[in-house]
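Contents: one structure, followed by commentary.
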Amino acid sequence: MRAFWVQERDVEGIKLPGRNWKMLVNEKTGCKNVTFGLAEFPAGSRPGGHRHDVQEEIIYILEGSGRMMVEDGEIRLEPGVTVYIPPGVDHAVINDGDRTIRLITLFSPQVVPGSYDKK
């Protein structure tokens, strides 16, 4: 096994409801246990909520501001905020600001993009 690196600008985004997600590290890059990516929610974005039945998720806000709705309330999102979402917890990001929210995502075990979005 060798180390792997990737430049964000070289990764094509995956269009998901209300956001664009770039999968930067996963099984295709040799990682066995996590999926690491970058999501962008444009200003005014309000995608429906979803849950991950198996995966834990951690997000870290890089830019922008908004809210995350969770089962027991609301979390204010702004640069520097980290949120841990256990498996089975409904959550939704709402961008009520005037700038794109850029956030890092980390899932374990690995996730299939969009498999969790409500149809």
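Here are the numbers:
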item: Options ARG67, ARG19, ARG9: the member that is surrounded by 13 or more Cβ atoms within 10 Å (Cβ to Cβ), at pLDDT below 95 and of a type outside the set (Val, Ile, Thr); result: ARG19
item: Residue within the range 46-61 that is modelled with pLDDT of 95 or more and in contact with a Lys or Arg (Cβ under 9 Å, 6 or more places away or on another chain) present; result: yes
item: Top-ranked residue of the range 22-50 - restricted to ones that are among the charged types (D, E, K, R) and surrounded by fewer than 18 Cβ atoms within 10 Å (Cβ to Cβ), ranked as nearest to GLU74 (Cα to Cα); result: ARG46
item: Filter result for THR35 (over 16 Å from LEU103 (Cβ atoms), among the hydroxyl-bearing types (Ser, Thr, Tyr) and in contact (Cβ under 8 Å) with a residue 12 or more places away in the chain); result: no
item: Strands (runs of 3 or more DSSP E) (entirely within the range 1-114) containing at least 2 residues that are of a type in the set (Lys, Arg); result: 19-25
item: Matching residues in the range 1-50 - criterion: being closer than 22 Å to PRO87 by Cβ, within 14 Å of the chain's Cα centre (by Cα) and of a type in the set (D, E, K, R); result: ARG19
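The values are calculated or read from the model by the stated rules, or taken from the named source; none is laboratory data. On a predicted model such as this, the values are computed, not experimentally measured, just so you know. So basically every Cβ, Gly included, is an ideal-geometry build from the backbone, and we count neighbours across all protein chains shown.
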